[in-house]
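Notes for the one structure printed next.
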Amino acid sequence: MSEEKLSGLDELYSVLCGSFINALPVSGAALSAFSGSLQETPLRASDELAARLDELQFDLGEGPRREAARTRVPVLIPYVRSVTHEKWPVFANALLATEVQALFVFPLIVGAMDIGVVELYRTTPGELSASDLLMARALADGAAWSLLRQILVPDSGDESQQPDLSPSRREIHQATGMVLAQTGGSAADALLLLRGHAFANGQTVRQTSTEVLERRLDFTPPA
């Protein structure tokens, strides 16, 4: 990857992290993407503590990040020090040694695709307000789409590493229409979803389209 491309991605990751910090009452943020097999790739942490939380959960193999990824719903822990952490006891012990008082983890999802997670922390306890939660979800949706466009469908000149993305086949057009109906977005976004899923799972777009047409793959957003 060229230095110019890498610099552009670094800037994107920084902007995405900053958008959460600027819009919400949180102290820091960490952003990670998934490769398609739930292997996390750290992208950006706003500060040393956010990076440490990310690293701890990766090293220990447990924590709210994994829970949010597995369940596809936010994990909200507004009072870190006054609740039990039965699902991640080892991480909890390490967490209590930090200044973190609240954790909020949001999955980054586009239709049927799990793009990554964003973890927000703050050094004062307390719940996010209803408006803050709406804002966090909206920012998470936007971040998921940004990462889908920039990571799962990279601009690579190595054609041998790219799936077959030709949109000219009838099955792909039909599948695009079905995805459009499922997501309520645009035709371009529907095709992007097909391409992203194909890339992330080592398939051609034709194979992914067949799964959609046979109703084995559904991009309807979670309720």
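In region 68-91, the residues that are touching a residue at least 60 places away in the same chain (Cβ under 8 Å) reach residues that are open to solvent by 60 Å² or more (accessible area, probe 1.4 Å) and assigned to a helix (DSSP H, G or I) with C-beta atoms within less than 8 angstrom, at least six apart or across chains, in these pairs: Pro74/Arg137. If you filter region 31-58 down to residues that are farther than 18 Å from Leu108 by Cα and among the charged types (D, E, K, R), you find that the one that is modelled with the lowest pLDDT is Glu55. Looking across region 1-20 at every residue that is open to solvent by less than 50 Å² (accessible area, probe 1.4 Å) and either within 18 Å of Ala140 (Cβ to Cβ) or among the acidic types (Asp, Glu) (or both), the one that is modelled with the lowest pLDDT is identified as Leu12. Residues of region 59-99 that are farther than 16 Å from Thr123 by Cα and in contact with a strand residue (DSSP E or B) (Cβ under 6 Å, 6 or more places away or on another chain): Pro64, Arg65, Glu67, Ala68, Ala69, Arg72, Pro74, Val75.
The values are calculated or read from the model by the stated rules, or taken from the named source; none is laboratory data. What you are looking at is a predicted structure, and each value in this text was computed from that prediction instead of being measured. Neighbour counts are summed over all protein chains in view; Cβ atoms, including those assigned to glycine, are modelled from backbone coordinates with ideal geometry. The accessibility values were calculated without ligands, DNA or RNA, using every heavy atom of the protein model including side chains. Shrake-Rupley method; radii C 1.70, N 1.55, O 1.52, S 1.80 Å.
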